[in-house]
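Report on one structure; see the data block that follows.
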Amino acid sequence: DRQTLVAVLQFLRRSNLRESEEILRREARLLGDDLGAAALSPAGAGLLGAPGGDADSAGGEALLSRVTAAAAIAIGGSAATLLLYANAFAVGGGVVEDQPDVSAVLSAYNQQGDPTLYEEYYSGLKHFIECSLDCHRAELSQLFYPLFVHMYLELVYNQHESEAKSFFERFHGDQECYYQDDLRVLSSLTKKEHMKGNETMLDFRTSKFVLRISRDSYQLLKRHLQEKQNNQIWNIVQEHLYIDIFDGMPRSKQQIDAMVGSLAGEAKREANKAKVFFGLLKEPEFDVPLDDEDEEGENEEGKPKKKKPKKDSVGSKSKKQDPNAPPQNRIPLPELKDSDKLDKVMNMKEAARRVRLGPECLPSICFYTFLNAYQGLTAVDITDDSSMIVGGFADSTVRVWSVTPKKLRSVKTAADLSLIDKESDDVLERIMDEKTASELKILYGHSGPVYGTSFSPDRNYLLSCSEDGTVRLWSLQTFTCLVGYKGHNYPVWDTQFSPYGYYFVSGGHDRVARLWATDHYQPLRIFAGHLADVTCTRFHPNSNYIATGSADRTIRLWDVLNGNCVRIFTGHKGPIHSLAFSPNGRFLATGATDGRVLLWDIGHGLMVGELKGHTDTIYALRFSRDGEILASGSMDNTVRLWDAVKAFEDLETDDFTTATGHINLPENSQDLLLGTYMTKSTPVVHLHFTRRNLLLAAGAYSSQ
């Protein structure tokens, strides 16, 4: 061990990596040049000991991550190369040929890196796992995929191309079906040069793949690898995998299958521990004139909000603060204008006439079909009061329609406005120019397909985002573009206004979501963490959180206040394309290309349901106004209605489930499905419940 440590330190010094050398010395308590006299500390020993040394020791972990980070860049080898010389890693490639001391130490390890043995190692482990007890087999089988990818990449990286090809052909068929797309990408990487530009694979090499395994299964695996002296696999396990060990019963195949499938494995349990204020903000009381300063400041900009007034505004006007709600002033929200208050009053009147939905009383569905949409319909949104509908198209136009008899009109020119009597009662009518009235307005400005659209709650503004990398803010008074927000360098896939207006979120191909305010041309927050495109974005009803769905097959919940990621949900087997929060803010529904709708309890950070039935990508999800029904719309040309009340009752969210992730999903999709409605040949791209709970759906007719 001493010899190994000395060799690594000499190597660092020779490579001019002073900083890493210092860190290593400090950790190993080797100060000064007299390496011979110093004794190795336990932390150092755990790390640099025989492959059997337990890298669980915190000291070892800390050192490993810091030195690897500092050194990997300079070495030009794989991230593992430098430190794990000591840890029995074979270095294929010529990094160390001219380093006699190091090569002397490494010569003992050369056999283990023999590329021809990789198949043997893998099939040996496969045989061991397949012959282990049923209770451990399901858990240990999770190792197959990450080990397969890392061993293949290592062979490719070290330029053993024929061995890599044969390894891939022999074992790729054993992987779970939901990794097929990733394996297709992997199979095209056959040379070291290919790996340089491939971001997905770079992520795979640099981010640790997370597996959740019970302590018993882990001990079994560790014992096996140590007895077999199978250091190659043990090294990959320690270097590239993060094993989240829990105490208790191993999980069953069903429990594991429900949670795995994302690009980086499951979420660490720690990732879902932070407190989330999922309650709703208190409704403003505006029957009385507001004179209190902070009363105004805390309130939202008028939205008859998509999901707010809910039950208590209908009858029992309870003024109690929701115990799970964030403090009213946690994030600054715009003040309520007079027009917003009027809108709220209208909203309450509408709510009083709202139909109470349930299994016995399903909503009527009104379908807006875009005919002859040769421009290619790519996005739809409907205003909260259901008066306007907007379509984003592949020909880069944004088209706004009025769906009420009231036509769309622009404001008069400045010269004409100066002639108007500003004191008259109907001044708001007089400023509109009747000559411009029409049912449809076309907005030109983007230079690529428009992938997302969103109306502001007060219906004065419209957002659109496009392949051209910009988000545009349009005025619905003048039907002109007010601002182009440039921050994303690549296509922007989705954008959405906050339920209180003023703030909006965008997400795109650059893998980050950005939070903006309409009056700032730079983003206020950048939410980074996804390993692939951010495909959809949604505000929580209290506007303190944002959910993002990604092509890395995970959903993340971000805190608007500090930009932290407070939840990571894994379980979908394909890119996420739709998100919907329940009106009470407690639950999140997500839909993906795998045709499943998953339901999540935000407070506990748990999956609580799975709705199976769709046969294609789910592009639209929406809860009814009181949250009794969840509607889902898909590329399979159907709208399905699900019983949300039943789906969320009697949830097992005890501490044990939260701690271990032993979720037991009831197989009750069929009991929860209240109805399936086919269109002739129209994929459903948007759903919206009106204030009285009529369901509006939209999509473009496709003739094939």
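The values are calculated or read from the model by the stated rules, or taken from the named source; none is laboratory data. Predicted, not measured: the structure shown is a model, and the values here were computed from it. All Cβ positions, even for glycine, are placed from backbone atoms using ideal geometry, and neighbour counts span all protein chains on display. Side chains included, ligands, DNA and RNA excluded: accessible areas come from the protein's heavy atoms. Shrake-Rupley method; radii C 1.70, N 1.55, O 1.52, S 1.80 Å.
When only Cα pairs below 8 angstrom with a gap of at least 6 residues are kept, segment 441-530 shows a relative contact order of 21 percent. In this entry, segment 167-273 is assigned a mean projected area of 8.2 nm², taken as a quarter of its C-alpha convex hull surface. Pairs of C-alpha atoms in segment 558-617 farther apart than 15 Å represent 52 percent of all such pairs.
Amide H contacts for Tyr485 (H built 1.01 Å from N in the peptide plane; partners 5 or more residues away or on another chain; cut-off under 5 Å): Val471, Arg472, Leu473. Note that segment 670-676 has calculated 3J(HN,Hα) couplings of 5, 5, 7, 6, 9, x, 10 Hz, one per residue in order, obtained from phi through the Karplus relation 6.51 cos²θ - 1.76 cosθ + 1.60 (θ = phi - 60°); glycine and proline are x. For the pair Ala528 and Asp421, a Förster radius of 60 Å applied to the C-beta separation gives a FRET efficiency near 0.65, rounded to the nearest 0.05. Treating r as the C-beta distance of Val355 and Leu651 and R0 as 30 Å, the FRET efficiency rounds to 0.65. Normalised by 2.2 N^0.38 Å, with N the number of residues, the alpha-carbon radius of gyration of segment 477-516 equals 1.27. Using the Karplus relation 6.51 cos²θ - 1.76 cosθ + 1.60 with θ = phi - 60°, the per-residue 3J(HN,Hα) values for segment 418-429 come to 5, 7, 7, 6, 6, 8, 5, 5, 9, 4, 5, 6 Hz, with x marking Gly and Pro.
For segment 396-495, the extents of the C-alpha atoms along the principal axes are 48, 27, 22 Å, listed from largest to smallest.
Of the three principal axes defined by the Cα atoms of segment 530-636, the extents in descending order read 39, 35, 19 Å. Pairs to check: Lys192/Lys573; Lys282/Lys349; Lys208/Lys573; Lys282/Lys406; Lys208/Lys273. Give those whose C-alpha atoms are more than 22 Å from each other in this structure. Where the Cα-Cα span goes over 22 Å, the pairs concerned are Lys192/Lys573; Lys282/Lys406. The amide H of Val210, built 1.01 Å from its N in the peptide plane, has Tyr242, Gly265, Glu266 as neighbours under 5 Å, considering only residues 5 or more places off or on other chains.
Around the amide H of Leu674, modelled in the peptide plane, lie the amide H atoms of Leu641, Trp642, Asp643, all under 5 Å away and 5 or more residues distant in sequence or on another chain. A simple rule links phi to the HN-Hα coupling: the Karplus curve 6.51 cos²θ - 1.76 cosθ + 1.60 with θ = phi - 60°, which for segment 236-250 gives 5, 4, 6, 8, 10, 10, 10, 9, 8, 8, 10, 8, x, 4, x Hz, with x for Gly and Pro.
Fully extending the segment from Cys135 to Lys337 would add 66.6 nm, taking 0.36 nm per residue of separation and subtracting the current Cα-Cα distance. Rg and Dmax of segment 612-654, based on Cα coordinates, read 12.0, 38 Å. For segment 373-489, the fraction of 1.4 Å probe accessible surface lying on carbon and sulfur atoms is 52 percent. Each Cα pair under 8 Å and six or more residues apart adds its separation to the average, and for segment 586-650 the resulting relative contact order is 24 percent. In the distance distribution for segment 322-414, Cα-Cα pairs more than 24 Å apart total 52 percent. Each residue, Ser123 and Gln3, gets one label point 7 Å from its Cα in the Cβ direction; the gap between the two is 3.5 nm.
With the Kirkwood sum run over all distinct C-alpha pairs, segment 391-451 has a hydrodynamic radius of 13.6 Å.
Cβ-Cβ distance of Lys191 and Arg215, R₀ of 56 Å, FRET efficiency by 1/(1 + (r/R0)^6): the value works out to about 0.85. Could you work out the local net charge near Gln175, counting Lys and Arg as +1, Asp and Glu as -1, over the other residues with Cβ closer than 13 Å to its Cβ? Residues near Gln175 contribute -1 overall.
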